[in-house]
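Since the structure comes first, as structure tokens, the remarks are kept for the end.
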Amino acid sequence: MATPDTIARFMLRGINRAVRDHALIVDGDRVAVGVSGGKDSRTLLELLVRGIDIPGTYDIAAIHIDGSSVGLPDQRPVLEPWFQALGVPYSIHPLEVAASDTLPMDCFRCAWNRRKTLFTVADRMGCNKVAFGHHADDAAVTTLMSLMYKGQLETLEPRRSFFDGRLTLIRPLIYLSEAEIRRFVRACGWEFPPELACPREDEAVRVRVEHFLATLSGRERKQIRANLWRAARQYTGSEAAP
């Protein structure tokens, strides 16, 4: 079995390509990685800490939005020692919920509140970029959902600016597949117990679409993933598929 270092070097090629293609990280950036506690965001933080190939330097911080107060699993005992071992500045901040929200929140409101809280904390920490752990399969699922339920071709953007450019959301894993991330996770020996999943996950449309794609062979998924990315990016006048 390949070592984490060997797999990381391979995966960093994909990250470096995405960074170059979309100017995701440049000299002087301070990047806040939104760490949910799942495999994707943990992989992203680990790889960015190892270092990407850009002219100049950048800083990394980790932010975890703790949703234990609204019934989500408490991941602080796992994440805080890991952040400390990585040697990155970090913040573990409680999820801020609007007074008008009733519990349990639906998936849209939960995600909206988490992102709002994350952006607020990132700004307080002096970060100008916020990195999410979305990968190529997430982009494919988003495109299928958009086509089937909205009749539009939309996908996950590699980067998107908010608040007149004060914060920029970036997705450095956008060229990497979920299979590659799972391989890295296995090599690292990380474990993610089932109870860490969102308690309302089975209600999400996204999960149903993910399950559909999972029924296809690896080769089919790779081709479909590339075609969906290409179609959505060309439809919006953006760059062609990787």
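Before moving on, here are some points about what is shown:
- Distance cut-off 15 Å, percentage of C-alpha pairs in region 132-176 lying past it: 48 percent
- Two-decimal Rg to Rh for the chain - Kirkwood Rh, Cα set: 0.94
- Taking label positions 7 Å along the Cα-Cβ direction at both Glu220 and Tyr149, the computed distance is 2.3 nm, reported to one decimal.
- Charge dipole magnitude, Cβ of K and R +1, D and E -1 - region 74-132, Cα centre, debye nearest 20: 180 debye
- Evaluated at q = 0.17 Å⁻¹: base-10 log I(q)/I(0), Debye formula over Cα of region 8-94: -0.73
- For region 4-235, the residue among Ala231, Ala122, Leu47 whose Cα projects farthest onto the positive side of the dipole built from Cβ charges is Ala231.
- Taking every lysine pair in the chain that is 8 or more places apart or spans two chains, those with Cα atoms closer than 24 Å amount to 5.
- Cα centroid separation - region 65-108 against region 1-41, whole Å: 22 Å
- Between Arg208 and Arg17, the simple label model (points 7 Å from Cα in the Cβ direction) yields a spacing of 3.4 nm.
None of the figures in this text is laboratory data; all of them are computed from the coordinates on show. Given the structure is predicted, the values throughout are model-derived calculations rather than measurements. Heads up, the Cβs are rebuilt from the backbone with ideal geometry, glycines too, and the neighbour counts pull from every protein chain shown.
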